[in-house]
Amino acid sequence: MLVTYHRGAVAQLDPRTLYGILRLRVDVFVVEQAAAYPDLDGRDVEEGAEQHWAADGSDVLATLRVLRDTDGALRVGRVATAARARSHGVASELVRRALARCAEIDPRAPVVLDAQAHLADWYGRFGFVVDGAPFAEDGIPHVPMRRAPDAP
């Protein structure tokens, strides 16, 4: 696997790449996790929204998006990894790169995400801490998490 990392706004993406990103999100969240939900929520095309992805050639292996919330926080979301790329460090590197990008966008902004509860420790490796009560989203337990701007 020769992995390359990329980012860009939806309007800048090749249609095949965008399709690969959206297909991976559907494969993981809707099919694998059996969570029928509206993935296309309008946030991917917001001003400043960025898609981040890892690829092997034209095959999208992992993806996430970075958004700006109304309170000024940066939000990482829709983190998805293809089954064949799991446990190879692909998603970890993608998250590290996204956090570096968040620091470029606004070094004073916290970064937030809503983690599936069983992944809270994994996100903890990147400086995220649980920041609120657990909740269920589409029948899957989640926890809100926050990373301070000065987190390592």
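The values are calculated or read from the model by the stated rules, or taken from the named source; none is laboratory data. Here the structure is a predicted model, which is why all the values come from computation and not from measurement. FYI the Cβ positions are ideal-geometry reconstructions off the backbone, even for glycines, and counts take in every protein chain you see. Surface accessibility is based on the protein's heavy atoms, side chains included, excluding ligands, DNA and RNA. Shrake-Rupley method; radii C 1.70, N 1.55, O 1.52, S 1.80 Å.
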**So H142, is it in contact with a Lys or Arg (Cβ under 7 Å, 6 or more places away or on another chain), closer than 26 Å to G20 by Cα and surrounded by 13 or more Cβ atoms within 10 Å (Cβ to Cβ)** = no
**Message:** Can you tell me which residue is farthest from G48 (Cα to Cα) among those in the range 65-87 that are touching a Leu at 6+ places or on another chain (Cβ under 8 Å) and charged (D, E, K, R)?
**Reply:** R84
**Message:** Looking for something of a type outside the set (G, A, S), open to solvent by less than 30 Å² (accessible area, probe 1.4 Å), within 17 Å of Q116 (Cα to Cα) and not in a helix (DSSP H, G or I) - is there at least one such residue anywhere in the range 12-33?
**Reply:** no
**Item:** Sole exception among (1) of a type outside the set (A, V, I, L, M); (2) surrounded by fewer than 15 Cβ atoms within 10 Å (Cβ to Cβ); (3) in a strand (DSSP E or B); (4) touching an Asp or Glu at 6+ places or on another chain (Cβ under 6 Å) for T4, by number
**Value:** (4)
**Complete:** For the range 79-108 the number of residues that are closer than 19 Å to R125 by Cα, out of contact with any strand residue (DSSP E or B) (no Cβ under 7 Å at 6 or more places or on another chain) and open to solvent by 70 Å² or more (accessible area, probe 1.4 Å) is 4
**Asked** Listed residues V90, V60, V95, V76; which is of a type outside the set (D, E, K, R), within 16 Å of L18 (Cα to Cα) and within 15 Å of the chain's Cα centre (by Cα)?
**Response** V60
**Asked** Quick one: how many residues across the range 34-45 are at pLDDT 90 or above and open to solvent by 70 Å² or more (accessible area, probe 1.4 Å)?
**Response** 1
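Residues checked against (1) under 20 Å from L74 (Cβ atoms); (2) within 16 Å of the chain's Cα centre (by Cα); (3) among the hydroxyl-bearing types (S, T, Y):
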position	(1), (2), (3)
L2	no, no, no
L24	no, yes, no
D27	no, yes, no
E47	yes, no, no
**Message:** Against the condition buried (at least 21 other Cβ atoms within 10 Å of the Cβ), among the charged types (D, E, K, R) and within 12 Å of the chain's Cα centre (by Cα), how does R65 come out, does it pass?
**Reply:** yes
**Prompt:** Any idea which of (1) in contact (Cβ under 8 Å) with a residue 40 or more places away in the chain; (2) within 11 Å of the chain's Cα centre (by Cα) is the one P107 doesn't satisfy?
**Reply:** (2)
**Prompt:** Got a sec? Which strands (runs of 3 or more DSSP E) wholly within the range 43-152 have at least 2 residues that are in contact with a Cys (Cβ under 9 Å, 6 or more places away or on another chain) and farther than 30 Å from A11 by Cα?
**Reply:** none
